[in-house]
Amino acid sequence: MLETQTITRVYPNTWPAAPSSSGRQGVLSLSGAPAKYQEGALTIQPVFQSEYSSFGAEVYGVDWSRPVSDATAKQLIALQNKYAVLVFRETGLDDERHIAFTQQLGKDLEINPFFYGRENDRIGNPFLWDVSNINLDGTIVQPNSRRWHHSRGNALWHTDSSFHQPRAKYSLLLSHGSPARGGSWTHFADTRRAYADLPEERKAALENLVIEHDLWHSRRLGSPETFREPLPHERARVPPAYHKLVQTAPDGRKTLYLAAHAKQVVGWDFEKSQKLIWELIDWCTQPQYVFSMEWLAGGDLVWWDNRQSMHRANPYTEGMTARDVRRSTVNDDGPLACGVPKSELGIEDEVEAKAE
Ligand SMILES: [Fe+2]
């Protein structure tokens, strides 16, 4: 088997080295990025926009002090389909209103598979994923704990829950309290524009590939020793799923559905699969497709579409301060939500066996 160390990319803590040319704080924008524009009560500041691409936008003008109207939610979904990542500053939302807004975007919210009951969960809500660096007792996650190693997989480029059936459509990550000292960033990559820029013959070669997505693969890439084998209850809670690599995004453009969870191309061996998967992840995460969002204040909210983007966190560091971020997730309810059934692939056991 290919050694995971040889295929894992190492992404250190990164952030824009200097303010962008526009002097704006919070996002890394292209020089010449368009000025903000008004759409009804909303002000929209795109991050990347050209005649070929729209990716990322900061949105102002939502009144978060009261329930978001259905008309505004509809307007925001249209913006989401276009930009794939929307950033809202200082919303003032709490857990309840975070969940209420998420439910306006889709009826079926993902239940955190690691929710073991309110008494054992810092947040105490099965609709919220605690992606903070804070333990149940309020202490900061320590190096070499299982949770520390689990988080290392989140610092690899991924889409959320591509291994889940149904997969995730939207993720909404909300900050509580002050951001971590020294800057706190989440990075996003535009898989639609990256696909569009591939040579035509490459597109044709990728068109019909199906990929096995496995949470425990990305955990092993992030921390090969700790996650060489998941614990039995971990494996049972999160089995793999199978999805087409080339898909159509909500805005009608084709996109690559990729993640560090992507373990194997169905019908290919593990080594060849990983070579292709990481070539494509590297392709999608070139600077011209990536922007970095800085967490500036408590209440900052970022909402992204997992079906047409990838993202990654900065890895944990020794001496980090508390970073309290909580994620709600809307399950995909579209025709591609559960991917390709194993029965259609006909090689379910073979895929598993080859990978080990
Ligand atoms: Fe994530």
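Bear in mind that the values in this text are calculations on the coordinates, not laboratory data. Every value quoted in this text rests on a predicted model; they were computed, and no experiment measured them. Neighbour counts are summed over all protein chains in view; Cβ atoms, including those assigned to glycine, are modelled from backbone coordinates with ideal geometry.
Using mean Cβ contacts within 10 Å as the protection proxy, how do 161-173, 233-245 order, highest first? Spell out each step's value before the answer.
Working: 161-173: 23.2, 233-245: 17.5.
So the peptides 161-173, 233-245, ranked by packing, come out 161-173, 233-245.
Calculate the FRET efficiency for ASP108 and LYS272 from the Cβ-Cβ distance with a Förster distance of 25 Å, rounded to the nearest 0.05.
Rounded to the nearest 0.05, the efficiency is 0.10.
So, counting K/R as plus one and D/E as minus one, what does the shell of residues with Cβ under 15 Å around ASP305 add up to?
Here the charged neighbours net out to +3.
For GLU225 and ASP282, calculate 0.36 nm times their separation in residues minus their Cα-Cα distance, and state this gained length in nm to one decimal.
This chain segment gains 18.1 nm when fully extended.
What number comes out for the charge environment of PRO335, summing +1 per Lys or Arg and -1 per Asp or Glu over other residues with Cβ under 15 Å away? Each step should come with its number before you reach the end.
On the way: positive: ARG167, LYS169, LYS244, ARG307; negative: ASP108, ASP332, ASP333, GLU344.
Computed value for this residue: 0.
By counting other Cβ atoms within 10 Å of each Cβ, how are MET320, MET310 ranked from fewest to most?
So the residues, fewest neighbours to most, are MET320, MET310.
Show me 212-218, 133-139 ranked by packing, highest mean number of other Cβ atoms within 10 Å first. Let's see the in-between values first.
Working: 212-218: 25.9, 133-139: 12.7.
My ranking of the peptides, most packed first, is 212-218, 133-139.
If you take every residue apart from VAL246 with its C-beta less than 9 Å away from the C-beta of VAL246, what net charge results, scoring Lys and Arg +1 and Asp and Glu -1?
Taking every Cβ under 9 Å from that of VAL246, the sum is +2.
Could you give the length gained by full extension between ASP70 and ASN135, i.e. 0.36 nm per residue of separation minus their alpha carbon distance, to one decimal place?
Answer, rounded to one decimal: 19.7 nm.
How much length is gained on full extension from ARG253 to ASP63, taking 0.36 nm per residue of separation minus their Cα-Cα distance?
65.3 nm
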